[in-house]
Number of protein chains: 2
Amino acid sequence: MNAASEKVYTACVLIVGNEILSGRTQDENLAYIAKGLAASGVLLKEARVIPDVEATIIRHVNELRVQYDYLFTTGGIGPTHDDITSECVAKAFGVKWTLHPEAHKIFLALYKPGDLNEARLRMAHTPEGASLIVNPVSRAPGFQMGNVYVMAGIPGVMRAMFDSVRQNLKGGPPVLSRTVGCDLPEGTIAKGLGAIQARYADVDIGSYPFYRRGSFGTSLVLRGREPKRLDQAAQEVMAMVRELGGAPSIE
Amino acid sequence: MNAASEKVYTACVLIVGNEILSGRTQDENLAYIAKGLAASGVLLKEARVIPDVEATIIRHVNELRVQYDYLFTTGGIGPTHDDITSECVAKAFGVKWTLHPEAHKIFLALYKPGDLNEARLRMAHTPEGASLIVNPVSRAPGFQMGNVYVMAGIPGVMRAMFDSVRQNLKGGPPVLSRTVGCDLPEGTIAKGLGAIQARYADVDIGSYPFYRRGSFGTSLVLRGREPKRLDQAAQEVMAMVRELGGAPSIE
């Protein structure tokens, strides 16, 4: 269990947006970031959704950036009055919110002189000392300030930003998974599954019930960093299911 | 602006589940709860996603239940080792976790004597003093403990539980919305929109850009409790868009 002695890199996602809290918009960014972090060996430990309210954003940014190695925010970096994430991050860090020379160049190239109005120029501002996160989709960049990565909320843009950021993250070995499909209900296998979990502290075993073709079944998801241990644990789970009269499968 | 002087009921959603943080499962419950709360005049102010870890669940439950009028949790009330939300809520409240007589009856009716094993009987336990939330889908109930509503994670079950809970929530007038479709990009309307927002403190105006049929447009969502004020503000938004050369629509 070498993994246990290595540093575990942790992360949190902060989703900024009234549209998620009103139910108008279904968030799609969290699942994307989650999968990317697992592949990079970074443990996503928490996510929060908060409204576009200055004091709230500042409070959560400051609470979370000291708790986790990485904080990823999505949403609130456009040109309208409800886009305040960028200024709030500056306030959270106690630094000025200033025109970023590189971002300014991007916007000067993007707009005709008359079209680069005050609202659009706001998007060229970052907290002082921030470095840009490129936006190959619609150009307006995100930025990194310390361990805080500020990204767009629009999924297509967010994904492009996150992909470029992810390449440079420090992480551990990727988190791998095995899924055992089980045709028995959770209540039948719970005891045996708990016993296996107790023997594999380095494997995280989750049980997810489903209802398919008229009967209850369970997806058993094993996650960990060591392929051999995962395979061993998965074999034990399958043997346990067989012993209880089920026909397990590796999904 | 009578609404401002009335008590505003607030809520938070706490999503408990490793499967959301690993990206394996796309949460669908938050949007559903959000829409229901808006209809009940309850303001959803925050949501969090946390892992199935005892100390973490206890900490967040205790932090959030005093901050908001209502706390809704989803996930972690099944029979397996990773289903620990119920015990954790008992610990958060500092009360015993005991067999709930009504829940016990439900399970006695549901299973043949030999099949009601220890794992399934766990699901008949609640914090002492809790009242049950009925589950018309798969029978195993959720529960209410103080201002904390503990519900299943499986969307079909969660929705049924939430629907029954929602009827009895105290809230204000429902939150209504108007959506103005605008064929101009955000950067063009940002200044005018901000000016309108500044005049309507009781209307929350959100701006959501989209890219459709080769050009940028913006959905402008106005939310508030007073239909007349919403209609007024929406008319102002439409006039502003027209003035800038756009052709707005009420969506």
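Coordinate-derived values only; no laboratory data. Fair warning: this is a prediction, and the values are worked out from it, not measured in the lab. Virtual Cβ from ideal backbone geometry, glycine too; neighbours counted across all protein chains shown.
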*For peptide A:45-57, compute the average count of partner chain beta-carbon atoms within 10 Å of each residue's beta-carbon.*
4
*Provide B:SER40, B:SER249 in ascending order of the number of other Cβ atoms located within 10 Å of each residue's Cβ, fewest first.*
B:SER249, B:SER40
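Roughly how big is the range B:1-160's charge dipole about its Cα centre, with Cβ charges of +1 (Lys, Arg) and -1 (Asp, Glu), in debye to the nearest 20? Before the final figure, lay out the partial values.
On the way: 15 positive and 16 negative charges, 52 e Å.
With Lys and Arg at +1 and Asp and Glu at -1, about 260 debye.
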*Along Cα→Cβ at 7 Å, what distances in nm separate the A:HIS104 label point from those on the other copies, shortest first?*
7.4
*Using a Gaussian network model of chain A whose springs link C-alpha atoms within less than 10 Å, name the residue from A:GLY76, A:GLY192, A:GLY41 with the highest mean-square fluctuation.*
A:GLY192
*For the pairs A:LYS35/A:LYS228; A:LYS170/B:LYS45; A:LYS35/A:LYS91; A:LYS91/B:LYS191, note any where the Cα-Cα span goes beyond 28 Å.*
A:LYS170/B:LYS45; A:LYS35/A:LYS91
*Would you kindly work out, in nm and rounded to one decimal, the distances from the label point of B:GLY245 to those of the same position in each other copy, ordered shortest first, with label points 7 Å along Cα-to-Cβ?*
7.5
*Counting helices only, and only those DSSP H runs with n ≥ 4, report the 222 nm mean residue ellipticity of the protein assembly as shown as the sum of -39,500 (n - 2.57) divided by its residues, in deg cm²/dmol to the nearest 500.*
-11500 deg cm²/dmol
*Normalised per residue, the volume of the convex hull around the Cα set of the range A:110-232 (Å³)*: 183 Å³
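Average partner chain C-beta neighbours within 10 Å, per residue of B:185-195?
Values: counts 4, 7, 16, 5, 3, 12, 6, 1, 5, 6, 1.
Rounded to a whole number, the mean comes out at 6.
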_Estimated dipole of the range A:176-250 in Debye, rounded to 20 [Cβ of Lys and Arg +1, of Asp and Glu -1, Cα centre]_ = 100 debye
_Axis-nearest residue of B (beta carbon) for the B-onto-A rotation, whole Å_ = B:ARG48, 3
*To one decimal in nm, how far is A:ALA55 from the same spot in the other copies, if labels go 7 Å from Cα toward Cβ? Please give the shortest first.*
3.1
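Would you mind working out the magnitude of the charge dipole of the protein assembly as shown relative to its Cα centre, with +1 at each Lys and Arg C-beta and -1 at each Asp and Glu C-beta, to the nearest 20 Debye? Present the calculation step by step, with values, prior to reporting the outcome.
Numbers: 54 positive and 52 negative charges, 36 e Å.
Around 180 debye, computed over the protein assembly as shown.
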*Taking only Cα atoms, what is the 0 to 90° angle, nearest 10, from helix B:54-65's long axis to the longest principal axis of chain B?*
50 degrees
*Can you give the three extents of the C-alpha atoms in the protein assembly as shown along their principal axes, from longest to shortest, in whole Å?*
77, 53, 42
*For the range B:160-251, the Rg and Dmax computed from alpha carbons only, in angstrom*: 15.5, 48
*Long-range HN-HN contacts of B:ILE133 with modeled amide H, under 5 Å*: B:GLY142, B:PHE143, B:GLN144
*Kirkwood-type radius of chain B, with distances r between different C-alpha atoms, in Å*: 20.4 Å
*Mind checking the angle between helix B:227-243 and chain B's longest principal axis? C-alpha axes, 0 to 90 degrees, to the nearest 10.*
50 degrees
*Mind pulling the angle between the C-alpha long axis of helix B:186-199 and the longest principal axis of chain B? Nearest 10 degrees, somewhere in 0 to 90.*
80 degrees
_Relative contact order for chain A, counting Cα pairs under 8 Å that sit 6 or more residues apart, in percent_ = 18 percent
*Just counting partner chain Cβ atoms within 10 Å, what average do the residues of peptide A:79-86 show around their Cβ?*
6
